[in-house]
1. Going by average Cβ neighbours within 10 Å, how do the peptides 220-229, 20-29 rank, with the highest at the top?
2. Under the rule a/c < 1.5 gives rounded, and otherwise a/b versus b/c splits prolate from oblate, where does the range 68-176 land using the Cα gyration tensor?
3. In deg cm²/dmol and to the nearest 500, what is the mean residue ellipticity at 222 nm of the chain if only DSSP H runs of at least 4 residues count, each as -39500 (n - 2.57), divided by the residue total?
4. Taking 0.36 nm per intervening residue step and subtracting the Cα-Cα distance, what contour gain separates Q17 from D184 on full extension?
5. May I ask you to derive the relative contact order of the chain, considering only C-alpha pairs under 8 Å and at least 6 residues apart, and to give it as an integer percent?
6. Would you mind counting up the charge near D245? Only other residues with Cβ under 13 Å from its Cβ, with Lys and Arg at +1 and Asp and Glu at -1.
7. Kindly report, to the nearest 10 Å², the accessible surface of L34 as traced by a 1.4 Å probe over protein heavy atoms only.
8. Set Lys and Arg Cβ to +1 and Asp and Glu Cβ to -1, take the dipole of the range 135-256 about its Cα centre, and tell me which of I194, Q162, I176 lies farthest positive.
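The values are calculated or read from the model by the stated rules, or taken from the named source; none is laboratory data. Just so it is clear, the model here is predicted, and its values are computed rather than measured. Here Cβ is always computed from backbone atoms with ideal geometry, including for glycine, and neighbour counts include all displayed protein chains. When the accessible area is computed, the model is the full protein with side chains, heavy atoms only, and any ligands, DNA or RNA have been set aside. Shrake-Rupley method; radii C 1.70, N 1.55, O 1.52, S 1.80 Å.
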Amino acid sequence: MLVDSHCHLDFPEIAGQLDSVLALMRENQVERALCVSVTLEDFPRVRSVAETYPHIHASVGVHPDYEKVDAVSIAELLALADHPRVVAIGETGLDYFRLKGDLEWQRERFRTHIRAARECGKPLIIHTRAAAADTLRIMREEGADKAGGVMHCFTESAEVAQAAMDLGFYISFSGIVTFKNAKDIKAVAVAVPIESLLVETDSPYLAPVPFRGRTNQPGYVKHVAEEIARLKGLDFTEVCRKTTDNFYNLFNSIKQ
Ligand SMILES: [Zn+2]
Ligand SMILES: [Zn+2]
């Protein structure tokens, strides 16, 4: 059995094909998926998927790439997170690749999410791109280790992974790890111990080989786990078991 620790089933690219998406999950023995919120406007759709399907869970948060949305408060996040299907806060974090200029609002938004996660005791889903130093600094300043969480769709160095693991965070790999030209990420996947590793699709984006370029879906997380097994010289079943255990340890409000 496998789990997809990060997907966006409410996005229009796959929202209309949920029947076939859920069927492929069953076929590939992907027992659960975490559907991750990117704005408060989209959150009701994320929550509704999680309310409809017992094996789909939800998070609440505002992604750093969404600039033109209202500022989010700790109180709002706490109110929305107070729901049995909401198991995490995020995705949140910093992205200096997509957006340029004065990004103080992004850092403030990130701090708000960390404070909310600490307050409600739910783990953080952190997105970081071209902003590793500031991400780690803010995590330390805000005591993110007290909430715990995951660095999702990880594309940074082994040193950044180690710094996040030192704060008790898991490192999650997406379909990027299957790409032929992703030598650096493959090396990081070798360096991260299986005890700290999660797998995800980030669907509908980043479909793994052999589906690269197509619409991604949670069933394809199997191909991410297969590549992790190959890279680390582990049995596929071992990777499935360990990453699934890690998922339940982190998102511990989910009843197995
Ligand atoms: Zn992300
Ligand atoms: Zn995402």
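1. My ranking of the peptides, most packed first, is 220-229, 20-29.
2. oblate
3. Numbers: 10 runs with 104 residues, N = 256.
Calculated at 222 nm, the ellipticity per residue is -12000 deg cm²/dmol.
4. Between Q17 and D184, full extension yields 56.7 nm more.
5. Worked out over the chain, it gives 20 percent.
6. 0
7. 0 Å²
8. I176
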